[in-house]
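Novice: My questions will all concern the structure given below.
The values are calculated or read from the model by the stated rules, or taken from the named source; none is laboratory data. On a predicted model such as this, the values are computed, not experimentally measured, just so you know. Note: ideal-geometry Cβ built from the backbone for every residue, glycine included; neighbour counts use all protein chains shown.
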């Protein structure tokens, strides 16, 4: 298949599909961080270029409920509307098979109701980050068991141990504490285990 991975600079999903023989391309306004087929630019300009499948990772800064504390900041409503328009343009792209991933946020049900909720640890990554998938002509992803060290079977849905607990007893996980000027970029990188599952099950 000819596959577009929209809003991806890491190459993680692109490379997972390319490894299975697909003509996979990533597209982002940033250059790719790993060698591979990449289009640097506005993904909206290439949506009609004959893709069979698109997996999209639109920015969640103004959509995610994690930012609800800043929901009413001056000017934020217009940025949220711009983000929703971009999300909708991806969802309505002339591509038969579409998956859009994002954390919990206002895109559901504003643009479309999300199809599935997953966690990285469902598929083998030792991390917690609630992720919603919007699926068009694609089945839901299935997690399963795999063999691991010492010949034992490890359930891929085993929740990881928290990194620490907040004073109120709320558990926190290592992937939730990223900070600094590159925090948004770091947290936007997709999980290799989920990318592998997508390529195996959809490719």
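Novice: Does residue 190 satisfy the condition of being on the phi > 0 side of the Ramachandran plot, modelled with pLDDT under 95 and either touching a helix residue (DSSP H, G or I) at 6+ places or on another chain (Cβ under 9 Å) or outside any loop (DSSP other than H, G, I, E, B) (or both)?
Specialist: Here the answer is no, as residue 190 does not meet what is asked.
Novice: When the range 99-120 is examined, which residues are found to be outside any loop (DSSP other than H, G, I, E, B), without any contact (Cβ under 8 Å) to a residue 24 or more places away in the chain and over 15 Å from residue 197 (Cα atoms)?
Specialist: Within the range 99-120, just 109 meets the criteria.
Novice: Given the conditions (1) in contact with a strand residue (DSSP E or B) (Cβ under 8 Å, 6 or more places away or on another chain); (2) modelled with pLDDT of 95 or more; (3) under 24 Å from residue 115 (Cα atoms); (4) buried (at least 21 other Cβ atoms within 10 Å of the Cβ), and given that residue 60 satisfies all but one, which numbered condition is not satisfied?
Specialist: Just one mismatch for residue 60, condition (2).
Novice: Among the residues of the range 45-57, count how many are loosely packed, with under 14 Cβ neighbours inside 10 Å and under 20 Å from the mean Cα position of the chain (by Cα).
Specialist: Of the residues in that region, 1 qualify.
Novice: Please go through the range 107-151 and give me each residue that is surrounded by fewer than 17 Cβ atoms within 10 Å (Cβ to Cβ), touching a strand residue (DSSP E or B) at 6+ places or on another chain (Cβ under 8 Å) and modelled with pLDDT under 90, ordered by number.
Specialist: 145, 146, 147, 148
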